[in-house]
Amino acid sequence: MRKKNSSKLIIPPWGDFDPFLLSHILSFLPLHDQLFVTPYVSCAWLTATLDTLFHNSILDLVLIDELDDEIQRLRFTHLLRLAINRYHGWVSIYLPRKYMLSYFAMVYIAERTPMISSLIMPCDVALHAGLVHTSLLYWENLKVFKARLDSHEGLLLQQLADSCKNIVELGVHGEITEKEVSSIIEGFPRLKILDISESTLCHKALNLLLDGKLRSLRELDILHCSIVGDDGKDITLPTSQMLSMKFNREIQEKASQLKSVKFTHCLGIYCKALQGKVECYEDDDDHDRWLQNTILSLYGLFCDKQ
């Protein structure tokens, strides 16, 4: 009799999956399963889970904002500690918007991530700068920093300038006065990109920025900023039409001299994105008069250049 060759299908162990493929598969699971299920399958799956939660050398702590209860957050911080201690090549940190990390948690992270080059804090929520003051001492390689300034914390920019000498991209939002702009000019001579969009910006501070003292600057973004005069009122509103025309004209003339700088703004434009500006137009006639004056202002600027 002829013997039949019986071939069995060999299934490799769970831990022998390709790590990249396994991490990609786990990324489709709910966050709850990534926290409480997959890390317990095997050591290989734990590593893949950490790669899924914190991939591309980025510590994205914004994920903690998606967690509903304290048990989930504790589990997330446990996996975060494992990830930080297993890998030492972290390059970026994104801080959460809703959940505020403690001072000791920030120092713990900073001590183990000395190569961080990018720190991104929520730009729509003012966090206490005291949380990162000590951490900045460990992040001397920082090149990118973004945060909303707390009006009660005037030392953050100075601390950043003293600790991090290699800043090339800076995003600060909030109330920007001459003091903050002076700190930026003096503390960050290598700055290439400055984003102060959606802020309350003193008109003297803007003039100071356009003086050309930041010689390495390549991009300046003041989009959706409220420009205030000495009296604290927004001089770009239609209620200050003559002053707005003069100011827009001066700023555009000054910005035109900085030929190497990309200047992003909405001056001289009816911008609905600015908070509080829409309410200033009581009727369509106010809007039409504002547009008319803006056109006349731009026409006058064009004639002067001719």
Sort Ile120, Ile93 from largest to smallest accessible area, using a 1.4 Å probe on the heavy atoms of the protein chains. Ile120, Ile93
Longer than 30 Å from Cα to Cα, which of Lys165/Lys233; Lys98/Lys254; Lys146/Lys213; Lys98/Lys259; Lys98/Lys204; Lys143/Lys179 are they? Say none if no pair is. Lys165/Lys233; Lys98/Lys254; Lys98/Lys259; Lys98/Lys204
What is the sum of charges, Lys and Arg at +1 and Asp and Glu at -1, for the other residues whose Cβ falls under 9 Å from the Cβ of Leu223? -3
Before I look further, what does the stretch 17-133 give for accessible area per residue, probe 1.4 Å, in whole square angstrom? 51
Let me have the relative contact order for the stretch 73-127, percent, based on Cα pairs under 8 Å that are six or more residues apart. 47
Put a dot 7 Å past each Cα toward the Cβ at Ala105 and Asp231; how far apart are the dots in nm? 4.6
If R0 = 30 Å, then Ser92 and Gln257, at their Cβ-Cβ distance, give a FRET efficiency to the nearest 0.05 of 0.30
Write out the GluC sites (Glu not before Pro) in the stretch 136-178 meeting two conditions: DSSP loop, and at most 15 other Cβ atoms within 10 Å of their Cβ. Glu140
The stretch 56-137 - percent of accessible surface contributed by carbon and sulfur, probe 1.4 Å: 60
What FRET efficiency would be calculated for the residue pair Phe20, Ser216, taking the C-beta separation as r and a Förster radius of 41 Å, to the nearest 0.05? 0.60
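The values are calculated or read from the model by the stated rules, or taken from the named source; none is laboratory data. Quick caveat: nothing in here was measured; it's all calculated off a predicted structure. Don't worry about glycine lacking a Cβ; one is built from the backbone with ideal geometry, like all the others, and counts go over all protein chains shown. Side chains are part of the model used for accessible areas, which takes the heavy atoms of the whole protein and leaves out ligands, DNA and RNA. Shrake-Rupley method; radii C 1.70, N 1.55, O 1.52, S 1.80 Å.
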